[in-house]
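Right, one structure below, let's go through it.
The values are calculated or read from the model by the stated rules, or taken from the named source; none is laboratory data. Keep in mind it's a predicted model, so treat the numbers as computed, not measured. Don't worry about glycine lacking a Cβ; one is built from the backbone with ideal geometry, like all the others, and counts go over all protein chains shown. Remember, those area values only see protein heavy atoms, side chains included, never the ligands or the DNA or RNA. Shrake-Rupley method; radii C 1.70, N 1.55, O 1.52, S 1.80 Å.
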Amino acid sequence: MADRVTVIGWDGSPLTDAARSALGAATLVAGAAHHLALPEVPATAERIRLGSVALAARRIAGHRGTAVVLADGDPGFFGVVRTLRAPEFGLEVEVVPGVSSVAAAFARAGMPWDDAHVVVAHPRTLRRAVNVCRAHPKVAVLTSPGAGPAELGLLLEGVHRTFVICEELGTAREQVTMVTSDKAADHTWRDPNLVIVIGGTAGASEDGGWIAGRDPSAGPRGWTLPAESYGGLVGEGELEPLRAAQLARLGPRMGDLVWDIGCGSGAFATEAARAGAAVIAVDRDPRACDRTESNARALGVQLQVVQGTAPHVLENLPEPDVVRVGGGGAAVVSAVADRRPQRIVTHAATRDEAEIVGRDLTEHGYRVECALLQSVELDTRAWTERERSVAFLLSGLLPDRTP
């Protein structure tokens with residue numbers, strides 16, 4: 001096992017005394033090609049071109065001597081330190097950090113970033129990273145080959161964002177470019193790069209807020225809000241008890257894409273967005289679309305509104321994670337199930353209708369649950385009944401899809 005392992009973060013600036021000292025004593029140095037070309041790397045040291053960090057860690061674990069791993073930026077922030085510290089390698093790691101690429105990118109852009117979300121985009125996580133960019137006004141995306149600015153722009157079709165693309169930060173070839181998201185696919189971008197994605201409603205308050213990223217306490221308290229929060233114009237399928245049950249069944253969260261079909265006033269769509277998810281709200285009624293946009297704006301969330309009649313309008317929408325069907329009946333539920341979201345919720349007014357929808361979901365491979373919900377609103381001045389609502393709540397869970 002290596003006697004000592006030092007991880008040095010390099011941001012393009014001159015190495016610190018601590019970094020120079022560690023490199024001078026190294027008998028093994030691992031890093032990318034531009035790291036291994038640094039003049040401070042001892043000529044006698046064994047060199048490992050860093051591709052798979054896990055493979056390098058095994059080599060380091062079997063090395064008798066002093067090892068140094070060079071990495072860009074802060075190696076403890078989405079970097080190599082996590083892999084090197086894995087128990088199977090048994091390595092004791094010291095870290096000399098550099099300025100993270102995220103901090104450097106925002107510095108080049110002259111922007112604060114305490115109100116930004118930071119996501120990593122690999123081909124397997126690209127869709128979730130894009131959903132965060134849909135849902136939030138300021139996101140830093142650590143990209144990778146096959147999941148870069150062009151791919152981000154293509155998947156954000158229909159959502160206007162501004163990209164600040166930072167290529168090869170800390171090198172002589174560093175370049176910062178600002179483009180709109182729809183133009184990002186028209187260019188070939190150099191790796192490594194990082195994209196700051198900006199757009200939509202404001203992020204932190206003027207004093208900078210109190211927590212990094214999205215403030216979970218922003219806006220009114222409560223998972224669901226009363227009808228008055230939406231101008232009092234909510235339909236029968238949007239009443240607060242039903243909305244609360246639907247939200248509980250779907251559990252929208254950061255990185256998800258939610259479809260709300262038959263969005264009505266936008267109450268459910270807005271509340272799913274308040275949970276941090278990206279939302280596409282669909283309705284055939286232009287007045288409903290206008291109300292949804294207005295209510296989302298008033299409550300400080302952003303979502304995409306699409307006017308059209310389901311199921312046809314759904315054909316060109318990006319793949320959903322969870323879906324609420326607020327209107328359209330069994331035909332729309334069946335079309336949604338064809339797209340294989342992990343969870344679907346809907347409601348029915350009668351048992352016969354509930355059975356039809358439930359059978360169709362079962363045939364599509366969903367595990368179906370149904371509950372009869374009855375809510376009675378009371379006037380607490382006289383404790384008399386003010387309004388009664390009854391609905392069959394149906395939910396479908398696709399067991400073979402990862403949540």
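Observations, loosely collected:
- The set of residues in region 33-53 that are farther than 15 Å from residue 15 by Cβ and either open to solvent by 30 Å² or more (accessible area, probe 1.4 Å) or of a type in the set (Asp, Glu) (or both) comprises 33, 43, 44, 46, 47, 49, 50, 51, 52, 53.
- Scanning region 258-277 finds no residues that are hydroxyl-bearing (Ser, Thr, Tyr), under 23 Å from the mean Cα position of the chain (by Cα) and under 22 Å from residue 371 (Cα atoms).
- Within the option set 312, 364, being of a type outside the set (A, V, I, L, M, F, W, C) and surrounded by 16 or more Cβ atoms within 10 Å (Cβ to Cβ) holds for one residue only, 364.
- Taking strands (runs of 3 or more DSSP E) as the structural unit, those lying wholly within region 317-399 and holding at least 3 residues that are modelled with pLDDT of 95 or more and in contact with a Cys (Cβ under 8 Å, 6 or more places away or on another chain) correspond to 384-397.
- Meets criteria (open to solvent by 30 Å² or more (accessible area, probe 1.4 Å), touching a helix residue (DSSP H, G or I) at 6+ places or on another chain (Cβ under 9 Å), without any contact (Cβ under 8 Å) to a residue 40 or more places away in the chain and hydroxyl-bearing (Ser, Thr, Tyr)) for residue 125: no
- Matching entry among 44, 66 (being touching a Lys or Arg at 6+ places or on another chain (Cβ under 6 Å), more than 20 Å from residue 168 (Cα to Cα) and not aliphatic (A, V, I, L, M)): 66
- Residue count for region 144-162 under the criterion of being surrounded by fewer than 21 Cβ atoms within 10 Å (Cβ to Cβ) and either under 15 Å from residue 101 (Cα atoms) or small (Gly, Ala, Ser) (or both): the result is 4.
- Of all residues in region 191-207, those satisfying the criterion of being open to solvent by 30 Å² or more (accessible area, probe 1.4 Å) and modelled with pLDDT under 95 are 191, 192, 200, 201, 202, 203, 204, 205, 206, 207.
- Of the residues making up region 359-387, just one is among the acidic types (Asp, Glu) and touching a helix residue (DSSP H, G or I) at 6+ places or on another chain (Cβ under 6 Å), namely 360.
- Residues located in region 262-299, provided they are part of a helix (DSSP H, G or I) and open to solvent by 30 Å² or more (accessible area, probe 1.4 Å): 274, 286, 287, 290, 291, 293, 294, 297, 298
- Scanning region 367-398 for residues that are open to solvent by 60 Å² or more (accessible area, probe 1.4 Å) and among the hydroxyl-bearing types (Ser, Thr, Tyr) yields a count of 2.
- Here residue 300 does not qualify as touching a strand residue (DSSP E or B) at 6+ places or on another chain (Cβ under 7 Å) and farther than 19 Å from residue 157 by Cα.
- The set of residues in region 1-21 that are closer than 19 Å to residue 79 by Cα and part of a helix (DSSP H, G or I) contains only 19.
- Residues that are open to solvent by less than 40 Å² (accessible area, probe 1.4 Å) and at pLDDT 95 or above, drawn from region 163-185: 163, 164, 165, 166, 167, 177, 179, 181, 184
- Condition met for residue 313 (over 22 Å from the mean Cα position of the chain (by Cα), outside any strand (DSSP E or B) and of a type in the set (A, V, I, L, M, F, W, C)): yes
- Answer from 307, 302 - the residue that is among the polar types (S, T, N, Q), open to solvent by 10 Å² or more (accessible area, probe 1.4 Å), in contact with a Cys (Cβ under 7 Å, 6 or more places away or on another chain) and at negative phi: 307
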